Structure formats: structure tokens, C-alpha cells
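A short write-up of the structure that comes next.
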Amino acid sequence: MAKVLMKGNEAFGAAAIKAGCKYFFGYPITPQNEIPEYMSRELPKIGGCFLQAESEIAAINMVYGASGAGVRVMTSSSSPGIALKQEGISYIASCELPCVIINVSRGGPGLGGIQPSQSDYFQNTRGGGNGDYRTPVYAPANLQEVIDMTMDAFDVADQYRIPVIISADGMIGQMMEPIEFKERTGRSLPSKEWAATGTNEEREPNSINSLYIVHEDLEKHNWKLDAKHKLIEENEVQYEMYQMKDAEFVVVAYGTTSRIVKSAIMDMKKEGLNVGLIRPKTLWPYPYKAFDEIPKSTKGILTVEMSTGQMIDDVKIGNNGRFPIHFLGSPGGSVPSPEMIAEKIKNILGGEKK
Amino acid sequence: MKTIFEKTKGLTAKPFHYCPGCTHGIIHRITMEAIEELGMLGKAVGVAPVGCAVFAYEYFNCDSYEAAHGRAPAVATGVKRVHPDSLVFTYQGDGDLAAIGTGEIVQAAHRGEKITTIFVNNAIYGMTGGQMAPTTLIGQKATTAPYGRDEAHAGKPILVSEMMATIPGSAYIERVAVNTPANIRKAKKAIKKAFEIQRDGKGFSMIEVLSTCPTNWGLTPEDSLKWLEENLMPYYKLGVYKTPEGGANNG
Ligand SMILES: Cc1ncc(C[n+]2csc(CCOP(=O)(O)OP(=O)(O)O)c2C)c(N)n1
Ligand code: SF4
Ligand SMILES: [Mg+2]
């Protein structure tokens, strides 16, 4: 299929529809408004339903209703709106319902700002909802990944019966790049015989429920969820290793910042400095195993995030005390420049190579 | 032998967990009888609240959900938009609907969502042990209003049916009580009518049912019925507040 030029936020919508999602519930918030706008334009054309909810709380509960009724469904929002969705995400996770949630992050805390940010790493990977649940989190760094990961997200959601989050930021949402819809190798997905569709008086009733009042039942339920989480950790980790051969230094970055890091790495290469990049493509499950592949030549690790440092906790777990870890952050909505990254690395290396 | 009374197929065999004299059970029964009589059990999807009726999904003999506190109308919206031919209803208490879930219920009605809400008003938070609800009467004692509800402090009790009737998107709103056999018959008729409104695609319908909570009112089942009659009914007037034709008949 020929490549077409698309805007990031619209690419999320196009990929969802391509993946068979006909239902979308959302509430306006910058910088993701083009997603609901796109869905409101496109879904009526294919007999689907776009509905603007009265709040993010209502939107995620509509997603709960629609997903429980057996269809592919999506919502999108940005940081403060995702905060409001956490209750619903916890219920959806416990009920083992599939859905896709896009977080086009902005700076926080509170109302924060509308510029690109990665300060929702905790919100996306740890969640603010109650209880022992996890959600797979994809972090696209370019628009082709927006397409591929969004489509994958629906499959992963259906396969494991779990809400899946896509972590992006205003930069990804607003940029334009050529994309294509590739041939996909299908996963085998379970049928949804658990859905609340009405019994037609032909089967026993289904109920979508997260209440387990008997503690043994709740314990059993949580161990069942845990086994599923372990399976996802085993099978669904995605990451990229970039220029890692003989790297003297390693940077860890995802999404927008990983693009900047790549150009910094190319600049440093011209000056004879070998720097590699570990780029997590899934933030949960996190690619801890990537850290086992760091070459002995490495003198340290730099984590670059548009935050005061959140992913760095996972970097520490993956590194397991082997290399010194440094941090470069921009928590106000500015994107760090390649020069800032190169300078930081050179400073750490003590001006050995200039 | 002729069968004169049979338990509705709309309820499962699971025994109710409600306190003796609590009228939640009666409201479950008439709701499910109404659906059975309309021949729509196979199309029905119920959404249970957080409140004493939290286990309703185990009693309703149809597909069902258990929703987060107050969110049932949003969940019902999601179901109905996916399956427009199903009969979707929420069953909610006064804390669930008239406090934490006011946004969801008002907006569902405002959109003219083709769902039906059974709103059980017992003027108290039953499940959590008798705290003040938005519907608690002036002077009525609650565990968080130990001196009785004070209007200057907590405002007047919320009149949900009256409020919902003002929303252009609502099609049928009626307030009923289940304190006497005659009123129970009327309540069932109202609930059935509300489901017919939904079935015929006429819009949002809600039946407010005045109900008892002997446990947290600190009264016997009989005294509770009397208290409901003497205290709730004068403030929460029974009647039809809205019909699709625009009529109202609330005395
Ligand atoms: C988010 C949230 N807040 C609070 C609660 C605790 N809670 C459970 S039931 C309830 C009140 C229910 O009262 P009502 O809706 O009047 O139903 P009733 O028990 O009287 O039938 C509350 C506050 C909860 N489960 N979830
Ligand atoms: S606490 Fe009140 S509302 Fe709840 S079951 Fe008992 S009597 Fe009924
Ligand atoms: Mg109550």
C-alpha cells in the first residue's frame, strides 16, 4: 500500500478504525483534540458511534459498557483527563475487558501546560487506579509506530482481555509523517462469549463484575490476573537497541526524546564518540533484559526524559547496580536539544574526548 | 392444581441478602416481572450500582454489569450505543444517583439516552451504615448528621424526579412508593411503562421508588412503612412528572 502523509493524532484514529474499532467515547482536552474530531467525522460513515461524554469519568465508563458488550472501543485524553479515568481503568482491568486508551501527555502536575511532556510515565505504567492491576503501555516514537502500535494494541487487548495504554505527547500528536498500513500477521484471538449482549434466552446470563466479597475469591482472582501479567511480561516486551556495538556510553529514552537522542548520537559519532541508545517501545512490560546487552566498554548510562525523572526508576532496576546512572530532564514542556544531550555526556565523560 | 403465584423467571434462585423488611427486594421483583411480561428478558442488560443493591447482578436473571459508584448511566450508555435493540436499565440508590452520580444521570437524560433507571430513594446511605444522603429529610438523623439534617448546613433534600423532568431529553419520569399492595401494583405499572418507553425508542425514562431502610432508620419493618408514608411521601410527592407528550400528573 502506498504511503500517505498524516498527522499524529489523526493516525491514532485511522489505525483504530483499520483495526475494527467502531466505538469511541471521549472528552475534549488539548493536545489530543484531533483524535475525537477525527472519530466524530469518520465513525458515522461506517455505522459506528462517536459520543462526546460529559467528562473523562463518564467516557471511560462508556468504554466499560461498550467493551463489556463485546466490541472494540477506544478513548483518548491527555494527562489531567487520564487522571480522571483511573477509577474506570481499574474496573475495566479487574473485569478483564479489552480496550485502548491513548494518553497524549502534557505537562503537570495540576493543570500544568499544554506542551509535550513525559511526566505521565508513572500514570501510564503504574496507574492511579486502586488494586493489583497492570496495563500494557506502548510508546511510539514515529507515526509508523503510531499506526502499528495502535493496531497491535487492539489485538493485545483482545488476546489478554486487558486495557492497553498508548503513551504519546503533543509532539507526536502534531507532527506529520508518511505512514502505511502494512500486512499484518494475525494473532489468534479468543471469542468474546463472556460479553453482555442479552442472553436471547439461549444461554445463562453473563455478568461483568469486579466485586469479590469473599476474600478467597478475591485472592484467586488476583493470582489469575498476576499469571496473565507474567505472560505479558514474557511475550510482549518490545525495545530497540541503537548503535550499541562498542558503545562507550548508553542513553535510555523513549518516544519523542529518543528521536532527539538519535540525532545527538549521530553528531557525537562524527566526533569519534560511540554512544548507544536503549529505546523501550513498551513501557510496561519494561525491557529490563535490554540492560543485560550493554557492552563492557560502557562507562555509564544517561536517562533522558521530559520530566524530573520517572522512567529512571525502571532504568535502575534494569541496570541492577552495574553502571553509574545519570539524568537529563526537561519538565516544563521544552524538548531537550541534541546539543544539550551531547554536552551532558561529554561532561560526564570528563572531557576525555572533545 | 392451579398455580396462582410463580416467582418471575426474571430473578435467579439466589436468595436476597437484604435486611428483614427492606423493600429493595420488592423493587427487584417488580422490575424483573415487568421485563418478563414484556417478553424482553433475553434482550435485557441490567447495571447494578454501588450501594445495598451491589449484588443485583446476581439476582437479575439477565446479562448484567456491576458499575462503579454513580457511573451506571455511563456504563448503560456504552451498552445501549453498541446494542440499540437491547433493553438497558440501571438500578441505583440515592447516594449513587443523587450524590456521586449526579453528572452521569443528568447527562444521560440530557442526551435522551434510551435507557431506563430504577432509582431507589430510601433517604439514607444504606450500605455504608446510615450516613446522610442528599435525600435525607430536614431533621432526619443520620450517622453523619447526628443532630438531624440542618438545612442551613446541608441544604434541602434533593427532588430528583422534579429535577429530571425539567431536562428536555427525559421522556418519562414518575415517582412511586412500595409501602402498600396498591402502591406496589402502581409502581410495577410505572416501571413497565418506563420500559415500554425505552422499547419504543421514545427516550430516557426514570422511575423513582420510595423505599425503606429499617436497619438504618432504626425502626421495625412496620414502623418503617409508616415513617415512609408520614415523612417521605409528603415531601417526595408521588405522581407522573413527565411523559413524552409533555403531560404531568403529580397532584
Ligand atoms: C468511589 C466510592 N466511594 C464510596 C464508596 C462507599 N459506598 C458504598 S455504598 C455507598 C452509599 C450507597 O448509598 P445509596 O446509593 O443510597 O444505596 P443504598 O445502600 O441506600 O441502597 C457508599 C458511599 C464506594 N464504594 N466507592
Ligand atoms: S441497610 Fe437498609 S437499604 Fe440496605 S439492605 Fe438493610 S434495610 Fe435495606
Ligand atoms: Mg440509599
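The values are calculated or read from the model by the stated rules, or taken from the named source; none is laboratory data. Note that the structure is predicted; figures quoted are calculated from it, not measured. All Cβ positions, glycine included, derive from the backbone under ideal geometry; neighbour counts span all protein chains shown. For the accessible areas, the whole protein counts, side chains as well, though only heavy atoms, and no ligand, DNA or RNA atoms are used. Shrake-Rupley method; radii C 1.70, N 1.55, O 1.52, S 1.80 Å.
Accessible area per residue for the range A:4-235, computed on protein heavy atoms with a 1.4 Å probe, is 38 Å².
Roughly speaking, what % of Cα-Cα pairs in the range A:1-142 are separated by over 21 Å, rounded to a whole number? Everything past 21 Å amounts to 40 percent. The mean number of partner chain beta-carbon atoms within 10 angstrom of a residue's beta-carbon across peptide A:65-78 is 4. Of all DSSP beta bridges confined to the protein assembly as shown, the antiparallel ones make up roughly 25%. The Cβ shell under 10 Å around B:Leu159 holds other residues with a net charge of +1, Lys and Arg each +1, Asp and Glu each -1. The DSSP beta bridges internal to the range B:47-135 are antiparallel in roughly 10% of cases.
Straight-line cross-link reach from A:Lys192 at under 19 Å between alpha-carbon atoms covers these lysines, not counting any fewer than eight positions away in the same chain: A:Lys22, A:Lys224, A:Lys228, B:Lys43, B:Lys80. List the accessible area buried at the contact between B and A, summed over both sides and calculated with a 1.4 Å probe, in Å² to the nearest 100. Heavy-atom accessible area buried at this interface is about 2600 Å². Cα centroids of the range B:176-210 and the range B:63-99: 17 Å apart. Over all Cα atoms in the range A:239-353, the spread is summed up by Rg and Dmax: 12.7, 36 Å. Over the protein assembly as shown, the hull volume per residue, using the convex hull of the C-alpha atoms, is 176 Å³. A straight Cα-to-Cα reach below 28 Å connects A:Lys346 with the lysines A:Lys245, A:Lys262, A:Lys269, A:Lys270, A:Lys281, A:Lys289, A:Lys296, A:Lys299, A:Lys316, A:Lys354, residues fewer than 8 places away in its own chain not being considered. Interface residues of the range A:201-245, defined as those with an accessible-area decrease of at least 30 Å² between the chain by itself and the complete set of protein chains (probe 1.4 Å), are A:Glu201, A:Pro205, A:Ser207, A:Ile208, A:Asn209, A:Leu211.
For the range B:62-73, putting each phi into the Karplus relation 6.51 cos²θ - 1.76 cosθ + 1.60 with θ = phi - 60° gives couplings of 7, 4, 7, 10, 10, 9, 5, 3, x, 8, 3, x Hz, in residue order, rounded to whole numbers and with x for Gly and Pro. Taking packing as the residue-averaged number of other Cβ atoms within 10 angstrom, the listed peptides A:221-231, A:185-195, B:16-26, A:100-110 run from highest to lowest as A:100-110, B:16-26, A:221-231, A:185-195. Counting only residues at least eight positions apart within a chain, or on another chain, the aspartates and glutamates with an alpha carbon under 18 Å from that of A:Lys3 are A:Glu145, A:Asp148, A:Glu177, A:Glu180, A:Glu183. Averaged over the residues of A:44-57, the number of partner chain Cβ atoms lying within 10 Å of the residue Cβ comes to 3. Peptide A:86-95 has a mean shielding of 2, counted as Cβ atoms of other protein chains within 10 Å of each residue's Cβ. Annotation: peptides B:232-238, B:6-12, A:20-26, ranked by per-residue average of other Cβ atoms within 10 Å with the highest first, follow the order A:20-26, B:232-238, B:6-12. Using a probe radius of 1.4 angstrom, the carbon and sulfur fraction of the accessible surface of the range B:24-243 is 55%. Protection proxy ranking, highest mean first, for peptides A:340-349, B:44-53, A:33-42, B:83-92: B:44-53, B:83-92, A:33-42, A:340-349, where packing is the per-residue count of other beta-carbon atoms within 10 Å, averaged.
Over chain A, DSSP H runs of length four or greater, each weighted -39,500 (n - 2.57), average out per residue to a 222 nm ellipticity of -11500 deg cm²/dmol.
Of the solvent-accessible surface of the range A:4-235, computed with a 1.4 Å probe over protein heavy atoms with every protein chain present, carbon and sulfur atoms account for 52 percent. Which residues does a label at B:Ala13 reach in the range B:36-66, if reach means a backbone N under 18 Å from a point 7 Å past the Cα toward the Cβ? Within reach of a label on B:Ala13: B:58-62.
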